[in-house]
Amino acid sequence: MKRMRNFSFFKFHYGQVIASVCFSIQAIGIGVYIAYGVFFNPLMAEFGWSRAVLSGASSVAFFIMGVCGIWVGRLNDRFGPRKIMVVTAVFLGTGYLLMSRLTAIWQLYLLYGIVFGIGLSSVDVIALSTIARWYTRKRGMMTGIVKVGTGAGQLTLPLLASFLIAAYGWRTAYLIIGTAAMLILVTMAQLLRRDPGERERWWDRPNPHKAPPRFASANSVTFEHATHTAALWIICCVNFTLVFCLMTVMVHIVPHARDIGIAAAPAAGVLSAIGGISMLGRFVTGIAIDYIGSKRVMIICFVLLLAGLLWLQIADTLWMLMMFACVYGIAHGGFFTAISPIVAEQFGIGFHGALFGLVVCFGTTGGAIGPFLAGWLFDSYGSYSAPFWLVTAISTVGFGLILALKPAAPKEGEKS
């Protein structure tokens, strides 16, 4: 009997399907967003548009993703992820495939900035909120596995886009990627379920003979009550500072490497190294969250981030940038893995979609402002010293905020 009980762990359960679908949503959604950079040169060659114009559309999409993410989260809490994912997948795919007909700047901002941005709004909120609902005891590890999908998409989709552009031209590449992304995401949406039934949750029940972790939240705080807690706004501001810094580094690290005399291919290799190391960071920190909690994981990641940014100030050779990529990559992956579980730990899962959507909105706002402000500082001072010191200062503020975060105790009777 004991042997059969041990073997039952390997039986199929629907949570595995949920994890696989959420992994794929992250890979496709973020991968397609990152692949936009591969189209820069073809678009500049055909239309003569500046990098600022093209980057501006990306910032608009990132901002719209966050704003719409608030509503996606609330609708997800009410109606479940399946219908919401279908609608946003249609927006995502349509925005991308209609880019194949692009002729004017206003179309770029409408199709990519707004239509595609709306489609992108569900990628984090639905995938991570659904995982938070399906997994309790292994929430951190499973969130880490799902976030590895982001790194997988960053590695594969830009390469696919590059191949399609070389083989068929940028217009056909947009058409193929947009159509394929829409069809795959709509199909996968049919497999999503909002919550596990009690009968399906046996694999993730905590051990009844073991005390639950101190950071686990048994109750759910309502959205309205959460908005009156300091903890929610601290998490929102922390995410603002994080994505401000992380997106600034991701956008400007390759130009910085080129400015200090590193060739194009090795400079791009620094960015690829960050992506690869961040996959390891997502997985390792996901496991760590289940043992020490998201707050402690984020504190460790802040220490790594600040150490990496200080190192970046003196990094002037390829090996030094690669060292930065290794340290920064772990922190980068860890932050994006911990942000959803920390919302669940603080407020429970009853209103996780809406609360996480609000947190994501703050993050995408920071992610839209940071790279633009860094570019302006570079144009003003002629180097990346000022932008990188700004990022270091913003990171220090975020570090102080996470240290000040206290548990948000739910009101009596507010349970999911």
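The values are calculated or read from the model by the stated rules, or taken from the named source; none is laboratory data. Remember, it's a predicted structure, so these values are computed and weren't measured experimentally. Cβ: placed from backbone, ideal geometry, glycine included. Neighbour counts: every protein chain shown.
Summary table
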{"item": "Cross-chain or 6+ apart pairs with Cβ under 6 Å, the range 19-39 first and under 17 Å from residue 159 (Cβ atoms) and assigned by TED's automatic domain parsing to the domain that holds residue 62, then of a type in the set (Phe, Trp, Tyr) and part of a helix (DSSP H, G or I)", "result": "39/170"}
{"item": "Unmet criterion (only one of (1) within 14 Å of the chain's Cα centre (by Cα); (2) not in a helix (DSSP H, G or I)) for residue 337", "result": "(2)"}
{"item": "So residue 367, is it surrounded by fewer than 23 Cβ atoms within 10 Å (Cβ to Cβ) and either within 15 Å of the chain's Cα centre (by Cα) or farther than 30 Å from residue 260 by Cβ (or both)", "result": "no"}
{"item": "Pick from the range 22-50, criterion of a type in the set (Ser, Thr, Tyr) and crowded, with 16+ Cβ neighbours inside 10 Å, ranking: farthest from residue 195 (Cα to Cα)", "result": "36"}
{"item": "Filter result for the condition that a residue is closer than 27 Å to residue 275 by Cα, in contact with a Lys or Arg (Cβ under 6 Å, 6 or more places away or on another chain) and not charged (D, E, K, R), over 396, 337", "result": "337"}
{"item": "Scope the range 104-117; condition among the hydroxyl-bearing types (Ser, Thr, Tyr) and either within 18 Å of residue 165 (Cβ to Cβ) or not assigned by TED's automatic domain parsing to the domain that holds residue 53 (or both); matching residues", "result": "112"}
{"item": "Which numbered condition residue 326 misses (of (1) surrounded by fewer than 24 Cβ atoms within 10 Å (Cβ to Cβ); (2) under 22 Å from residue 117 (Cα atoms))", "result": "(2)"}
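Each row is one residue, and each column tells you yes or no for (1) in contact (Cβ under 8 Å) with a residue 40 or more places away in the chain; (2) aromatic (Phe, Trp, Tyr); (3) more than 18 Å from residue 189 (Cβ to Cβ).
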residue	(1), (2), (3)
71	yes, yes, no
95	yes, no, no
99	yes, no, yes
107	no, no, yes
114	yes, no, yes
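Conditions tested, residue by residue: (1) more than 24 Å from residue 322 (Cβ to Cβ); (2) modelled with pLDDT of 90 or more.
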| residue | (1), (2) |
| --- | --- |
| 218 | yes, no |
| 221 | yes, no |
| 230 | yes, yes |
| 242 | no, yes |
| 253 | no, no |
| 262 | no, no |
| 267 | no, no |
| 273 | no, no |
| 276 | no, no |
